[in-house]
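**Q** If you scroll down you'll find the structure; I have some questions about it.
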Amino acid sequence: MATIRASCETCGDVELTTADVRVRVCINDNRGEYSFRCPVCQMMVVKPAEPRTIDLLIASGVAMDTWRLPAELDEPKTGRPISHDDLLEFHDLLHDDDRWSVAVEHLLDR
């Protein structure tokens with residue numbers, strides 16, 4: 001089993017085995033990253049990786065997962081973008097107990 005040296009933001013350089021590392025590649029744009037749990041601090045570390053690095057990790061025996069961008073990114077966007085004022089108004093509505101009660105009653109009546 002190959003030894004892989006990676007860097008944890010907290011602990012610095014650490015040594016891992018191929019079983020400790022996972023590679024993820026986006027099918028849509030080939031963007032890749034690798035992840036591991038630091039053997040010292042136990043924090044999960046995720047780092048972006050160039051295709052060359054991904055190829056080296058996979059050739060060393062690291063398991064690879066693939067994923068796709070959400071389909072919602074391809075949906076047409078209509079209407080105006082949400083503004084800061086829209087968010088504040090939504091926040092106020094969520095904290096309006098009277099409106100909340102009416103909405104819950106309406107859902108229960110269905």
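Only the coordinates and a few stated rules stand behind these numbers; no lab work does. Just so we're clear, the structure is a prediction, and the values are computed from it rather than from any experiment. Note: ideal-geometry Cβ built from the backbone for every residue, glycine included; neighbour counts use all protein chains shown.
**Q** Report the extension gain between residue 60 and residue 72 in nm, rounded to one decimal, defined as 0.36 nm multiplied by the number of residues separating them, less their alpha carbon distance.
**A** 0.8 nm
**Q** Working from Cα positions, state the angle (0 to 90°, nearest 10) between the long axis of helix 97-109 and the longest principal axis of the chain.
**A** Helix 97-109 and the main axis of the chain meet at about 90 degrees.
**Q** Report the extension gain between residue 102 and residue 86 in nm, rounded to one decimal, defined as 0.36 nm multiplied by the number of residues separating them, less their alpha carbon distance.
**A** 3.7 nm
**Q** (1) 46, 13, 11; (2) 45, 20, 14; (3) 20, 16, 13: which one is semi-axes √(5λ) of the Cα gyration tensor in Å as calculated from this entry?
**A** Of the listed options (1) 46, 13, 11; (2) 45, 20, 14; (3) 20, 16, 13, (2) comes from this structure.
**Q** Now for a separate question. At 222 nm, what helix-only mean residue ellipticity would the chain give, in deg cm²/dmol to the nearest 500, using -39500 (n - 2.57) for each DSSP H run of four or more?
**A** Using -39500 (n - 2.57) per qualifying helix, the result is -9000 deg cm²/dmol.
**Q** Using a simple spin-label model with points 7 Å from Cα along the Cα→Cβ vector, what separation in nm is obtained for residue 52 and residue 13?
**A** 1.9
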